[in-house]
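Working notes for the structure below.
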Amino acid sequence: MTAPADHHLDAYWMPFTANRQFKKAPRLFTKASGMHFWTDEGRQVLDGVAGLWCVNAGHARPRIVQAIAEQAAELDYAPPFQMAHPKAFALAQKVAALAPTGMGKVFFTNSGSESVDTALKMALAYHRVRGEGHRTRLIGRERGYHGVNFGGISVGGMVANRKMFGAMLAGVDHLRHTHDPARNAFSVGQPAHGAELADDLERLVALHDASTIAAVIVEPIAGSTGVLIPPVGYLQRLREICDRHGILLIFDEVITGFGRTGAPFAAQTYGVTPDIITCAKGLTNGCVPMGGVIVKDSIHDTFMQGPEHLIEFFHGYTYSAHPLACAAGLATLETYAEEGLLTRARELEGYFAEALHSMRDLPHVIDIRNTGLVGGIELSPRAGAPTQRAFDVFLACYEAGVLIRTTGDTIALSPPLIIERAQIDQIVGTLADAIRRVA
Ligand SMILES: Cc1ncc(COP(=O)(O)O)c(C=O)c1O
């Protein structure tokens with residue numbers, strides 16, 4: 001048993017955190033602005049991960065702060081069932097305008113996890129409404145992350161997030177993941193090899209029959225498992241196979257949405273239009289919790305049958321389209337548009353890639369992956385102690401004034417889209433130094 005160093009930290013059970021270790025040496029932020037956090041000791045820390053892949057326009061942006069404050073005073077809450085408020089419609093329209101053509105309907109949630117479970121339910125209900133209720137199977141992918149609710153962990157493929165939680169949803173299967181370091185290590189941008197891994201869906205169709213499969217869900221870039229970029233042609237091939245068999249394709253764009261890859265959505269960067277997109281995070285610049293599910297008009301319209309006084313989709317949350325979230329979302333999208341942030345990652349991609357790949361000869365570095373303003377640096381695990389080497393690098397960077405993130409032994413970078421070149425240099429300089437110093 002280890003006693004916490006400080007009693008007032010006792011009550012808070014922290015998410016995805018080594019609680020006992022953390023409470024012995026807490027790391028607390030008390031202020032943020034632009035590209036920086038400040039710790040409770042007053043130390044400035046450069047944000048290399050946009051908080052948690054969400055603060056795409058940087059912290060405490062005045063327009064967003066003001067919009068939230070004004071909204072709280074004007075209309076703090078409005079019930080979302082059989083009632084609404086104007087900003088919900090305005091935000092849905094703006095989000096739909098950014099989405100690929102034909103994806104014109106938006107359902108609001110409060111998180112990425114809720115967006116995923118909403119999308120999976122929509123897919124099942126869609127097939128049922130059109131008389132194919134036998135399509136009940138959901139297909140995810142190994143190493144996928146789709147949040148932490150039961151639908152999301154069922155289609156997800158990260159073992160630590162699944163193994164404690166029983167049988168989860170029935171009727172789920174998984175595609176193979178696309179990570180292939182033997183052929184693709186140190187690829188700049190999309191790896192060349194692996195499009196054929198999409199054919200794994202044909203294997204599952206042969207095993208289960210297409211008539212039992214409702215949808216396939218993948219992250220265009222698998223983020224939480226350690227930044228896996230889709231091989232050239234892979235997403236196109238997945239789209240073709242789904243079309244061939246009447247299977248819906250869901251892109252989980254919770255981290256790739258809102259400019260991370262150099263376009264509003266990764267669907268546009270890779271030129272592949274799914275049937276449903278899940279989003280969250282950058283939708284409100286992380287300021288107020290909110291998620292969204294963006295749907296093809298044709299899917300939405302399929303639900304709009306039967307007597308008009310009946311509810312078409314029995315699903316929703318008390319805080320769907322919360323007024324504060326909608327106000328934050330509208331101000332966020334205005335900020336993105338005004339500053340060209342949704343395409344800025346494309347402009348910085350080359351510089352960012354060069355900076356990242358300058359680390360390839362450092363000790364322990366076994367792969368570097370990048371696209372847009374996303375980077376992954378994979379370290380070899382310390383013998384008998386996986387994850388610890390990367391975590392030591394995380395602590396060293398934090399002490400040196402840069403916030404990075406680690407998952408397993410991969411370091412993930414996803415800075416706010418307002419980052420300047422000198423700040424990219426600072427992140428990579430600090431990181432390289434930390435990697436050189438760890439054992
Ligand atoms: C692809 C993806 N889906 C879903 C989620 C879950 O989002 P949330 O933590 O808002 O529930 C995440 C979170 O990182 C994610 O990366």
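Comparing L138, L341, L98 in a Gaussian network model of the chain, where Cα atoms under 10 Å apart are tied by springs, the biggest mean-square fluctuation is seen for L98. Each of W13, A50, F37 was scored by the projection of its Cα onto the charge dipole of the range 1-73, and the greatest displacement toward the positive side belongs to A50; charges sit on the C-beta of Lys, Arg, Asp and Glu. Evaluated with a Cβ-only charge set (Lys, Arg +1; Asp, Glu -1), the range 62-119 carries a dipole of roughly 260 debye about its Cα centre, given to the nearest 20. Extension gain, D433 to T17, is 147.2 nm, computed as 0.36 nm per intervening residue step minus the present C-alpha separation. Give the percent of DSSP beta bridges with both residues in the chain that are antiparallel, rounded to the nearest 5. So the antiparallel bridges in the chain amount to around 65 percent.
In terms of the mean number of neighbouring beta-carbon atoms within 10 Å, the peptides 245-251, 364-370 order highest first as 245-251, 364-370. Taking 0.36 nm per residue of separation and subtracting the current Cα-Cα distance, fully stretching the chain between F313 and A422 would add 34.3 nm.
Calculated translational diffusion coefficient of the range 226-331 (37 °C, 0.692 mPa s; Stokes-Einstein with Kirkwood radius over alpha-carbon pairs) equals 208 µm²/s.
The Cβ shell under 15 Å around H193 holds other residues with a net charge of -1, Lys and Arg each +1, Asp and Glu each -1.
Spin-label model, D10 to L52: label points 7 Å out along the Cα-to-beta-carbon direction sit 2.6 nm apart.
Which percent, nearest 5, of DSSP beta bridges in the range 112-235 are antiparallel? So the antiparallel bridges in the range 112-235 amount to around 10 percent.
In this entry, the range 129-175 is assigned a mean projected area of 3.6 nm², taken as a quarter of its C-alpha convex hull surface. For the chain, a crude dipole built from +1 on the beta carbon of Lys and Arg and -1 on the beta carbon of Asp and Glu, taken about the Cα centre, is about 640 debye to the nearest 20.
Once C-alpha pairs closer than 8 Å and six or more residues apart are averaged by separation and normalised to the residue number of the chain, the relative contact order reads 21 percent.
For a paramagnetic label modelled on T387 (point 7 Å from Cα along Cα→Cβ), amide N atoms under 12 Å away belong, within the range 397-412, to 406-410. Stretching T30 away from A72 to a fully extended chain increases their span by 12.9 nm, per 0.36 nm per residue minus the current alpha-carbon distance.
Each of S111, G140, L124 was placed along the dipole of the range 86-140 (beta-carbon charges, centred on the mean Cα), and the one lying farthest toward the positive end is L124. The order of S115, S33, S187, going from fewest to most other C-beta atoms within 10 Å of their C-beta, is S33, S187, S115.
Debye calculation, C-alpha points only, no solvent: report log10 I(q)/I(0) for the chain at q = 0.06, 0.07, 0.12 Å⁻¹, in the same order as the q values. Per q value, in the given order, log10 I(q)/I(0) is -0.25, -0.34, -1.04. Determine the distance separating the Cα centre of the range 28-88 from the Cα centre of the range 163-218; give it in Å without decimals. Each part reduced to its Cα centre gives a spacing of 35 Å.
Rule-based calculations on the coordinates, nothing more; no lab input. All of these numbers come straight from a predicted model, not from anything done at the bench. Backbone-built Cβ (ideal geometry, glycine too); neighbour counts: all protein chains shown.
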